[in-house]
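Q: The following block contains the structure, expressed as structure tokens.
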Amino acid sequence: MGQDNYLEEVHSRVMRVTEDLRAIQRELNCAAMEAPTDPELMEALSKLPEMDSLQVLKSALDQMRHFLWFYIQVMTNESEGGEKLRQTIRQKAAQDMVTSAEAALMKKYRAATDAELIRFLSDGKVRKPN
């Protein structure tokens, strides 16, 4: 019963998000049609906060589009290849937990190396040429 409620909630959220995206598209379309004839509106629409929020939305939608393509491929492919892909995903998730610790260690060493290089280069600037 809990799984059915979960899936129903996901379906409801997908429908709400889809409706919201369509409403945003309609509003942006209207603004784009009005902007060329209204310089104040054009200036307001091209301000940094508005453009930043649109870039964030675009990035999230691009990421979701890629994820949905992948998800649909995995979930609708009942062949042996589909099962291998699902196994690979499960293994990758387990490996990512180990890799994240290794990545943190590598990042720490890289930061130390970068700091040492900066110190070396800055010491060289203080020295007088021979």
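The values are calculated or read from the model by the stated rules, or taken from the named source; none is laboratory data. None of these values were measured; they are calculated from a predicted model. Here the Cβ positions follow ideal geometry from the backbone for every residue, glycine too, while neighbour counts run over all protein chains shown.
Q: Any idea which residue in region 34-47 is modelled with the highest pLDDT, counting only those that are surrounded by 10 or more Cβ atoms within 10 Å (Cβ to Cβ) and assigned to a helix (DSSP H, G or I)?
A: Among them, the one singled out is Glu34.
Q: Next question. Step by step: first the residues of region 53-72, then only those that are within 23 Å of Ile89 (Cβ to Cβ) and surrounded by 12 or more Cβ atoms within 10 Å (Cβ to Cβ), then the one that is modelled with the lowest pLDDT. Which residue is that?
A: Result: Phe70.
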